[in-house]
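Only one structure is covered here, and it is reproduced in the block below.
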Amino acid sequence: MRLFSMVFISIASFLTNACFCLGQETLTPLTFQDVPRGFLGESAARRSEPVSRGVGIPFFLPRNAKDGVIYGIDISHHSFSDGAEINWEQLKANKVSFVYMKASEGTMFYDSTFQKSWKALDGITDPPMRGAYHFLRALEDPRKQAETFIKVLSEESNYTVGKDLPPVVDLEWDCRRDARGRPVYRKGRCAHDNWSDLKPEEIAAHVATFVQVLKDKFGVAPVVYTSAVWWGERRLSQADKDGKFLSDGKFWIADYTRAAQRSSAPPMPTGKQWTIWQFTDNGKLTEECDPSNKNSNCTDTNAVILSMGEFKQAMGISN
């Protein structure tokens, strides 16, 4: 889930045999994206380090793995662009302990690679833990978005509460799109974040509705994936004066800055603690990863500074 880059998705042509319906509406597969790699780092890193070019640090798994840290990756359709593949059998050997996969976006889109990726882990011995995420759009009905996410999980996977990682809501920049459905950005940044059209209290209500529908369905609070930079831009702490907004959810924070790398302490929204930290979009499972090439085999890489038992307990996973 590269923060920013996963937002920049060209809407695929309607594929009759690849779509399925939500009520009377047909969901459309996301199949490719056309944004330069490093978009997240470009914007987030410049806030604290103006000289940074914004690409996350190169990080080879398992070579750079540190003792006492749990590592995971997150993937979507962009992970498979230009014929790129993942060696599922080698993930554990590469010290990948969990995989989050994009399932859906907005009210009308599902990830065309989700089902294949989910089932790939069914076919190997002792697979990494897995989970699914939904990219939340600012100007679409949050209840319908939750229903879309639930439908994709129900029909495209065998997601099981307590066995699989809790679902994730991806809460970040939602760039305005052009007439062809392509996000518009200037100088490596969203030209306009659709969330900026809403007041902080409206954003909080939007997210709370989505979260509640998932809690009603699965009985667990979704993990919240976000950035302290985005959170600050949208002034969400203003909508959280009582400290209760998303208080029962875990936080997955994205920050690629060198300052966070040095301290192992990515900045967080006021009063929040992180469980997962996405520290680079330049993770390397193969030597072919080239961060300047959007079609090369790089992965978002995440760290958890807990014991495996503590992490499973935090995420509601049964031993």
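Probe of 1.4 angstrom, ligands and nucleic acids ignored: what's the accessible area per residue over the range 84-129, in square angstrom?
39 Å²
Quick one: order Ser247, Ser79 from most to least accessible surface, probe 1.4 Å.
Accessible-area ranking of Ser247, Ser79, largest first: Ser247, Ser79.
Pairs to check: Lys144/Lys241; Lys102/Lys284; Lys102/Lys187; Lys163/Lys284; Lys250/Lys284; Lys116/Lys284. Give those whose C-alpha atoms are more than 23 Å from each other in this structure.
Over 23 Å Cα-Cα: Lys144/Lys241; Lys102/Lys187; Lys163/Lys284; Lys250/Lys284.
What ranking, highest mean first, results for peptides 300-308, 56-64 when packing means the other Cβ atoms within 10 Å averaged over each residue?
Ranked by mean Cβ neighbours within 10 Å, highest first: 300-308, 56-64.
Can you work out the FRET efficiency for the pair Ser264 and Arg182, with r the C-beta to C-beta distance and R0 = 35 Å, to the nearest 0.05?
0.45
Would you kindly find the accessible area of His78, with a 1.4 Å probe and non-protein molecules such as ligands, DNA and RNA excluded, rounding to the nearest 10 Å²?
Counting only protein heavy atoms, the figure is 10 Å².
Would you list Tyr159, Tyr225 from the most to the least accessible area, probe 1.4 Å?
The residues order as Tyr159, Tyr225, largest area first.
Pop the C-beta distance of Ser237 and Glu89 into the FRET formula with R0 = 35 Å and round what comes out to the nearest 0.05.
Using R0 = 35 Å, I get an efficiency of 0.20.
Can you compute the FRET efficiency between Leu198 and Lys66 using 1/(1 + (r/R0)^6), with r the Cβ-Cβ distance and R0 = 30 Å? Round to the nearest 0.05.
0.15
Would you check the accessible area of Arg182, probe 1.4 Å, heavy atoms only, in square angstrom rounded to 10?
Rounded to the nearest 10, the figure is 80 Å².
The values are calculated or read from the model by the stated rules, or taken from the named source; none is laboratory data. Because the structure is a prediction, the values reported are computed rather than measured. Virtual Cβ from ideal backbone geometry, glycine too; neighbours counted across all protein chains shown. Accessible surface is based on the protein model in full, side chains and every heavy atom, while ligands, DNA and RNA are left aside. Shrake-Rupley method; radii C 1.70, N 1.55, O 1.52, S 1.80 Å.
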